[in-house]
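A.B. asks: Take a look at this one; I'll ask things after.
The values are calculated or read from the model by the stated rules, or taken from the named source; none is laboratory data. What you see is a predicted model, and the numbers here were worked out from it, not measured in a lab. Using ideal geometry, Cβ is built from the backbone for each residue, glycine included, and neighbour counts are taken over all protein chains shown.
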Amino acid sequence: MLSILWHDYLFAPLLNLLIYLYNGVAFENLGLAVVYMTVMLRVVLIPFSIISERSAFKYEKIQEDLVIIRKEFKDDPVARKEEIRAILRANRISPWASFLLLGFQLLTLILLYQVFVGGMGGKLNALYPSVSRPDIINTQFLWLDIAVRNYYAAGIVGLLLYWQIWRSQRKRKGNLIANDLVFRFAFPLFTFLILASLPSVKTVFILTAMLFSYVVHLFRPFFTRKLQAVKHSALRLHEKIVSAGNGEKAKAGAHH
């Protein structure tokens with residue numbers, strides 16, 4: 001049952017879209033078809049990209065508040081987590097849109113792997129009657145053969161990921177922990193190792209998705225114009241937290 005659902009509602013539609021683009025606007029270049037398909041999928045998901053950008057913007061605005069919370073509750077991890085959750089809720093910051101985007105792209109990567117693994121010949125039997133079966137499949141794209149692995153392309157993705165993470169963490173300055181530094185190096189390295197062992201079609205997909213995300217990021221000011229006041233309400237909230245904490249310390253000192 002699950003295999004039928006996977007094939008009929010996920011694998012076959014993606015394969016048909018890819019070959020439809022290959023026969024048409026991609027001019028029989030499978031790499032270009034992957035680029036077009038990636039852009040189309042990301043355009044469909046643009047509402048979630050906007051939500052993700054808005055959440056990222058608000059998260060950057062409360063970094064000073066998070067530093068205050070971690071200092072005030074450094075000896076009470078339970079209270080620290082509760083206060084962090086409280087400020088995230090107060091600012092309506094939720095990672096669900098980012099997780100959805102990541103999950104959808106991971107699903108597409110798995111489907112692309114299934115399309116390319118072992119060659120595409122027999123898989124073209126899954127084409128719909130309305131999609132013409134190409135005589136040959138051209139997998140050359142720029143300097144890549146997207147049907148085989150390429151270390152240089154995987155390295156480009158790894159370096160870009162490192163740059164993105166470094167750029168994001170730089171904005172947080174003193175709010176970094178040891179795990180953040182490990183993540184900065186480990187995630188790009190892990191991504192490189194995975195992509196270096198797979199057909200470079202995955203690299204083309206990821207690079208296109210990263211470029212699309214960067215373009216969306218350039219339009220962040222248009223998505224966040226009405227969010228500028230969020231910072232002030234968050235600061236007022238934590239001034240109360242800090243005042244309450246100081247009051248408790250004063251009471252404890254008076255008893256002694």
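A.B. asks: Could you identify the single residue in Phe183, Phe212, Phe205, Phe192 that is farther than 30 Å from Tyr22 by Cβ and in a helix (DSSP H, G or I)? Full working, then the answer.
C.D. replies: On the way: Phe212 fails: farther than 30 Å from Tyr22 by Cβ; Phe205 fails: farther than 30 Å from Tyr22 by Cβ; Phe192 fails: farther than 30 Å from Tyr22 by Cβ.
After ruling out the rest, the residue left standing is Phe183.
A.B. asks: Determine whether the stretch 5-27 contains at least one residue that is charged (D, E, K, R) and either crowded, with 20+ Cβ neighbours inside 10 Å or not in a helix (DSSP H, G or I) (or both).
C.D. replies: No, there is no match, as no residue in the stretch 5-27 is charged (D, E, K, R) and either crowded, with 20+ Cβ neighbours inside 10 Å or not in a helix (DSSP H, G or I) (or both).
A.B. asks: Output the residues belonging to the stretch 33-44 that are closer than 18 Å to Val215 by Cβ and of a type in the set (A, V, I, L, M).
C.D. replies: Answer for the stretch 33-44, where residues must be closer than 18 Å to Val215 by Cβ and of a type in the set (A, V, I, L, M): Val34, Val35, Met37, Val39, Met40, Leu41, Val43, Val44.
A.B. asks: Return the residues of the stretch 71-104 that are charged (D, E, K, R) and closer than 27 Å to His217 by Cβ; say none if nothing qualifies.
C.D. replies: Result: Arg85, Arg89, Arg92.
A.B. asks: Of the residues Gly253, Gly174, Gly245, only one is loosely packed, with under 11 Cβ neighbours inside 10 Å, closer than 30 Å to Lys71 by Cα and either in contact with a helix residue (DSSP H, G or I) (Cβ under 8 Å, 6 or more places away or on another chain) or modelled with pLDDT of 85 or more (or both); which?
C.D. replies: Answer to the check: Gly174.
A.B. asks: Then there's this: Where the second residue is surrounded by fewer than 17 Cβ atoms within 10 Å (Cβ to Cβ) and of a type in the set (Phe, Trp, Tyr) and the first is closer than 9 Å to Thr203 by Cβ and at pLDDT below 95 and lies in the stretch 147-161, which pairs have Cβ atoms under 8 Å and are six or more apart or on separate chains?
C.D. replies: Sorted first by the residue in the stretch 147-161, then by its partner, the list stays empty.
A.B. asks: Kindly indicate which of Pro47, Pro77 is in contact with a helix residue (DSSP H, G or I) (Cβ under 9 Å, 6 or more places away or on another chain) and not charged (D, E, K, R). Can you show your working first?
C.D. replies: Numbers: Pro77 fails: in contact with a helix residue (DSSP H, G or I) (Cβ under 9 Å, 6 or more places away or on another chain).
Result: Pro47 is the single residue among Pro47, Pro77 that is in contact with a helix residue (DSSP H, G or I) (Cβ under 9 Å, 6 or more places away or on another chain) and not charged (D, E, K, R).
A.B. asks: If I go through the stretch 86-102 residue by residue, how many of them are surrounded by 11 or more Cβ atoms within 10 Å (Cβ to Cβ), within 22 Å of the chain's Cα centre (by Cα) and assigned to a helix (DSSP H, G or I)? Walk me through it before giving the result.
C.D. replies: Of the residues in the stretch 86-102, the ones surrounded by 11 or more Cβ atoms within 10 Å (Cβ to Cβ) are 86-88, 90-102.
Add one more test, that the residue is within 22 Å of the chain's Cα centre (by Cα), and what stays is 88, 91-102.
Next cut, assigned to a helix (DSSP H, G or I) only: 88, 96-102.
The qualifying residues number 8.
The rows are residues; the columns are (1) in contact with a helix residue (DSSP H, G or I) (Cβ under 7 Å, 6 or more places away or on another chain); (2) of a type outside the set (Phe, Trp, Tyr).
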position	(1), (2)
Arg42	yes, yes
Phe57	yes, no
Val67	yes, yes
Ile87	yes, yes
Leu101	yes, yes
Met120	no, yes
Ala126	yes, yes
